[in-house]
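For reference, the structure discussed in these notes is given below.
The values are calculated or read from the model by the stated rules, or taken from the named source; none is laboratory data. In this text, all values refer to a predicted model and were calculated from it rather than measured experimentally. Note that we place each Cβ from the backbone using ideal geometry, even for glycine, and neighbour counts take in every protein chain shown. Ligands, DNA and RNA are excluded from the accessible area calculation, which covers all protein heavy atoms including side chains. Shrake-Rupley method; radii C 1.70, N 1.55, O 1.52, S 1.80 Å.
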Amino acid sequence: MEYIKTFIIGGAICVLGQIILDRTKLTPAHILVSFLTAGVILGGLGLYEPIAKFGGAGAKIPISGFGYSLSQGAIKGAQEKGIIGAFTGGLQATAGGIAAAILFGYTMAIIFNPKTKD
Amino acid sequence: MDKLNKKDYENLVNKKVPKPTYGKNMIMAFIVGGIICTIGQGFTNYLQSVGFNEEQVSTGVSIIMVFLGSLLTGLGIYDKIGKIGGAGAAVPITGFANSIVAPAMEYKSEGFIFGVASKMFIIAGPVLVYGVGSSIIVGLLSILFKG
């Protein structure tokens, strides 16, 4: 049941992105940035939490979930450490993912070469 | 006469331009996105079962998914997933990893600093700017509207 919920929520968020891709001139880069920012804002308003509770990884794996983690971290930091915490909290909560993206992104780009297009 | 020809021409063009297959694209995005998230849920459950706390689980899953996204992009497999799944492949965090590795590989010939290391952030850069920037604002607002 948990996996079904994950599949549905994750799939639905991606369908939303697909609709925007097909109906507008926006590119996947626009989608990434706007979904992330939407996740931050919805997280800040407390509206993403119910989605994350229901959908689990289906809400956290899409880039909007990354935005949700950023905003939750910033809010937690702000409540615990004040203004300094608002600055450090978001990156603290997402540091693992960002650091992994830098290390693995660099390594893979060095090891592999682009495949020639057919 | 000229106007009529133009209109005819436009009609002809409209007929010939391939219509995006909205329905099929949506279904494929749903399936591919759903599968990627379900894989993430599998890792979540596994990390929980070995006793990681909530924060460690969510960080661990991000790291694993970013690793897989980077590796599959390097192997040229993620491109194929992207062709099938569209936004279903782009929106998950594996797509974020893809957006880092793909341009970095492409621009390797420009060197390791201005090629690889700089082009890694061609999409990830804006993502971090807007994400981190807006999260700070949310944090500051949460102090103002404490409660």
Report task. Give me the distance in nm between label points sitting 7 Å out from Cα along the Cα-to-Cβ direction at residue A:45 and residue B:80, one decimal. Result -> 4.1 nm
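With every protein chain left in place, what is the accessible area per residue of chain A in square angstrom, probe 1.4 Å?
On a per-residue basis, chain A sits at 49 Å².
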Requested in this report: Count neighbours as other Cβ atoms within 10 Å of each site's Cβ, and list the trypsin sites (Lys or Arg not before Pro) in the stretch A:1-72 that are DSSP loop with at most 11 such neighbours.
Outcome: A:25
**Report entry** the protein assembly as shown: calculated mean residue ellipticity at 222 nm from DSSP helix runs of at least 4, using -39500 (n - 2.57)
**Finding:** -27000 deg cm²/dmol
**Report entry** Calculated over chain B: convex hull of Cα atoms, volume per residue (Å³)
**Finding:** 243 Å³
Report summary line: Rounded to the nearest 100 Å², the accessible area buried between A and B, both sides, probe 1.4 Å, is 5500 Å²
Query - Angle in degrees between helix B:2-16 and the longest Cα principal axis of chain B, rounded to the nearest 10 - result: 40 degrees
Query raised in the report: What is the Å³ per residue value for the convex hull set by the Cα atoms of the protein assembly as shown?
Result: 169 Å³
Report summary line: Quick calc, residue B:6 & residue B:122: beta-carbon distance into FRET formula, R0 45 Å, rounding 0.05, result 0.65
Query raised in the report: Going by accessible area, probe 1.4 Å, with all protein chains left in place, what is the ranking of B:93, B:27, B:77, B:64, largest first?
Result: B:27, B:77, B:64, B:93
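How much length is gained if the chain between residue A:19 and residue A:103 is pulled fully straight, taking 0.36 nm per residue apart and subtracting their Cα-Cα distance, in nm to one decimal?
Values: separation 84, 0.36 × 84 = 30.24 nm, distance 3.24 nm.
Full extension of this stretch gives 27.0 nm more.
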**Report entry** Helix axis angle, B:121-144 relative to chain B longest principal axis, alpha carbon, degrees
**Finding:** 60 degrees
Requested in this report: Within the stretch A:78-118, list the trypsin sites (Lys or Arg not before Pro) lying in a DSSP loop whose Cβ has at most 11 other Cβ atoms in a 10 Å radius.
Outcome: A:117
Report summary line: Sorted by chain and number, the residues with a modelled amide H under 5 Å from that of residue B:75, at a separation of 5 or more or across chains, are none
Query raised in the report: Which helices pass in chain A if a helix is a full DSSP H run, must span at least 20 angstrom along its long axis by Cα, and must have mean Kyte-Doolittle hydropathy not below -0.5?
Result: A:2-23, A:28-44, A:63-81, A:83-111
Query raised in the report: When the scattering of the stretch B:70-147 is computed by the Debye formula from its Cα atoms alone, each counted once and equally, what is log10 I(q)/I(0) at q = 0.13, 0.15, 0.19, 0.27 Å⁻¹?
Result: -0.52, -0.62, -0.82, -1.16
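Please pull out the direction-averaged projected area of the stretch A:33-76, using the convex hull of its alpha-carbon atoms, in nm² to one decimal place.
Averaged projected area of the stretch A:33-76's Cα convex hull equals 2.5 nm².
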Query - Convex hull projection area averaged over all views, the stretch A:17-118, Cα basis, nm² - result: 9.0 nm²
**Report entry** Apportionment of accessible area to carbon and sulfur, chain A, percent (1.4 Å)
**Finding:** 71 percent
